[in-house]
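Take a look at the structure below.
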Amino acid sequence: MSSGLAVSLRAVSVRRGDKWILRNISLCIKPGERWALIGENGAGKTQLLKLLCGDVWPTPTGREQLSYSIGSRAVDPVEAKSRIAYIGAERQDKYARYGWDLRVRDLIATGMHGTDLLLSPVTPQQRRRVGGILAACGLKREAARRFLSLSYGEKRIALLARALAQNPDWLLLDEFYNGLDAEHRARIDDILEAARRGGQSWIATAHRAVDVPRGTDRLVELKAGRLLPLKRLSRADLKRLVRAADERPKSARAQRAAIAGELLLRLRAVDLYVDYRPVLRDLNWELRSGEHWAVFGANGAGKSSFLKLIYGDLSPALGGRIERIGFPKGTPIGEWKRQLGYVSPELQSDYAVDVSVLELVASGRHASIGLVDAPSARDLRAALGWLKFFALSSVAKRRPRELSYGQLRRALIARALAANPRILLLDEPLTGLDPRQRGAMKRLLEKMMKQRRTLIIAVHHVEDLPRGMTHGLHLHNRRARLADAYSAD
């Protein structure tokens, strides 16, 4: 793609409030290059991608230069923006937040129109192009389905298809593999490999070696908003990410026997439906104190729905029974929820309310989205303590949408812990966290296990589990079976 877009940054900085997010960035990216962008949470990775695609503009300093070109021809920012496709979990969340539930074929067509919604009819030529992209991305059977009915992994592939429909010079992939199982990762690898053979350029942010797309050949690293020296991506760099992320499989010897405790929850003959679609069938399961469950399964297997069932956001179909010990039938579900801490990707996408990060964390003490009343002094003390633990004190006054994806995930984990919960329900809790934060989170969870908290953690990456998990549950084809606590097979 030698005739593609080049982007040049010289002495560019970005400030948010009183904090510099990016400092004195100088970078030139050229057609045909494929970059991995790494750095800790809050280092400025997402802001750099948004700067490159024109969603963020440099803070004026008198020295900054941002220019686009194709060969020797200068390109204005409007044309440049049409040649760059930005996609990541944040964009996926946006569709759920605003209820944009297009059919998959129409979603892909919006990529050609450059709009979020389909504002004009699709021409026959565009319809043929959409058909080709559906086939190339393995989405022909999903063409008529609504986007929000897709599994998490299918949504990500549909958004990649939408981006490719734009025929961009650059794909900006922001933590694009987060929350995906091995099958969907492999499908995306194949799609990107075909795009690479056609000369596609990209920049992909990553915290793990497995999140770096095949064919990536350059490395850019951010530290506290500053660029480290650019370099070719080497095998040693990937090994460094593996070591930092602790991607080695855990030994089965890390598993310890459960200490049988009091019964907390019982499910009997539960069938679970979501939007009239069967998700789980004939589920029989018990939870006792002292047990720590790892929940495995592919995207769409029902892991998130299972946690929502336990939390109380979903109910069994007629004939099934869920018994919450100590909470007789008729007890307001809010009383049960205040015993639990809950973190999920859906909660992250839902949290668009206009509250500060401090109020977000404090709301965990009331099992609410936002606060009805002003937080008490006790609420604030708990919230401030957890913000400090997760190194978020400096962003306490910001709004949730002003945080990076990883920072917001840490804030939601802090929210879950602020209520001092008896049971923690964690749906991919370490997704979007850098290696240092993942390590701190795992150590915290291990400490909570010793304090007789009960953990249920849904994961794709076994290395995201803390030591001490006692049971495993594998969901497949709407059924649940017991599994080893450290084996996703």
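Worth pointing out:
- The numbered conditions (1) closer than 29 Å to residue 91 by Cβ; (2) in contact with a helix residue (DSSP H, G or I) (Cβ under 8 Å, 6 or more places away or on another chain) are all true for residue 379 except (1).
- Among the conditions (1) more than 24 Å from residue 39 (Cα to Cα); (2) surrounded by fewer than 22 Cβ atoms within 10 Å (Cβ to Cβ), the only one that residue 184 does not satisfy is (2).
- Pairs meeting the criteria (first residue in region 27-38 and in the same structural domain as residue 237 (by TED's automatic domain parsing), second residue surrounded by 23 or more Cβ atoms within 10 Å (Cβ to Cβ) and basic (Lys, Arg), beta carbons under 8 Å, at least 6 apart or on different chains) are 37/45; 38/45.
- Checked against (1) closer than 19 Å to residue 453 by Cα; (2) modelled with pLDDT under 90, residue 310 passes all but condition (2).
Per-residue answers, yes or no, for (1) closer than 20 Å to residue 185 by Cβ; (2) of a type in the set (A, V, I, L, M):
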site	(1), (2)
89	yes, yes
101	no, no
110	no, no
121	no, no
125	no, no
142	yes, no
146	no, no
167	no, no
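- Any chance residue 328 is over 28 Å from residue 478 (Cα atoms) and at pLDDT 90 or above: yes
- Of 417, 340, 408, 403, all but one fail to be surrounded by 17 or more Cβ atoms within 10 Å (Cβ to Cβ), modelled with pLDDT of 90 or more and out of contact with any Leu (no Cβ under 7 Å at 6 or more places or on another chain); the exception is 417.
- Of the residues examined, residue 354 is one that is among the charged types (D, E, K, R), in the same structural domain as residue 267 (by TED's automatic domain parsing) and in contact (Cβ under 8 Å) with a residue 40 or more places away in the chain.
- Restricting 31, 60 to residues that are of a type outside the set (A, V, I, L, M) and crowded, with 17+ Cβ neighbours inside 10 Å narrows the list to 31.
- Residue, surrounded by the most Cβ atoms within 10 Å (Cβ to Cβ), within region 93-121, restricted to residues that are in a helix (DSSP H, G or I) and touching a Ser or Thr at 6+ places or on another chain (Cβ under 7 Å): 93
- None of 192, 171 is crowded, with 22+ Cβ neighbours inside 10 Å, over 16 Å from the mean Cα position of the chain (by Cα), closer than 20 Å to residue 93 by Cβ and among the hydrophobic types (A, V, I, L, M, F, W, C) except 171.
Table: residues versus (1) closer than 26 Å to residue 3 by Cβ; (2) in contact with a Pro (Cβ under 6 Å, 6 or more places away or on another chain); (3) assigned by TED's automatic domain parsing to the domain that holds residue 93; (4) touching a residue at least 40 places away in the same chain (Cβ under 8 Å).
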| site | (1), (2), (3), (4) |
| --- | --- |
| 169 | yes, no, yes, yes |
| 180 | no, no, yes, yes |
| 185 | no, no, yes, no |
| 189 | no, no, yes, no |
| 196 | yes, no, yes, yes |
| 200 | yes, no, yes, yes |
| 203 | yes, no, yes, yes |
| 209 | no, no, yes, no |
| 213 | yes, no, yes, yes |
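- Test: residue 185 is at pLDDT below 95 and over 27 Å from the mean Cα position of the chain (by Cα): no
- Residue check, residue 139 in contact with a strand residue (DSSP E or B) (Cβ under 8 Å, 6 or more places away or on another chain), modelled with pLDDT of 95 or more and either in the same structural domain as residue 24 (by TED's automatic domain parsing) or buried (at least 23 other Cβ atoms within 10 Å of the Cβ) (or both): no
- Selection count where residues are in contact with a Pro (Cβ under 7 Å, 6 or more places away or on another chain) and surrounded by fewer than 21 Cβ atoms within 10 Å (Cβ to Cβ), scope region 83-92: 1
- Hits in region 320-340 - residues which are in contact (Cβ under 8 Å) with a residue 24 or more places away in the chain, under 23 Å from residue 279 (Cβ atoms) and either in a helix (DSSP H, G or I) or of a type in the set (Lys, Arg) (or both): 321, 324, 336, 337
- Pairing each residue of region 64-86 that is closer than 14 Å to residue 3 by Cα with any residue that is surrounded by fewer than 17 Cβ atoms within 10 Å (Cβ to Cβ), provided the two are 6+ apart or on different chains, yields C-beta distances under 7 Å for 68/77; 70/3; 71/3; 74/67; 75/69.
- Test result for residue 80, more than 30 Å from residue 410 (Cα to Cα), in a strand (DSSP E or B) and not acidic (Asp, Glu): no
- Residue identified as touching a helix residue (DSSP H, G or I) at 6+ places or on another chain (Cβ under 6 Å) and polar (S, T, N, Q) among 92, 65, 47: 92
- Qualifying residue in region 36-51 (condition: hydrophobic (A, V, I, L, M, F, W, C) and either exposed (fewer than 14 other Cβ atoms within 10 Å of the Cβ) or over 26 Å from residue 410 (Cα atoms) (or both)): no
Conditions (1) assigned by TED's automatic domain parsing to the domain that holds residue 84; (2) touching a Phe, Trp or Tyr at 6+ places or on another chain (Cβ under 6 Å); (3) modelled with pLDDT of 95 or more, marked per residue:
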| site | (1), (2), (3) |
| --- | --- |
| 177 | yes, no, no |
| 234 | yes, no, no |
| 256 | no, no, no |
| 267 | no, yes, yes |
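- So residue 64, is it within 19 Å of residue 30 (Cβ to Cβ) and of a type in the set (D, E, K, R): no
The values are calculated or read from the model by the stated rules, or taken from the named source; none is laboratory data. What you are looking at is a predicted structure, and each value in this text was computed from that prediction instead of being measured. In this analysis, Cβ positions are derived from the backbone assuming ideal geometry, glycine residues included, and neighbour counts consider all displayed protein chains.
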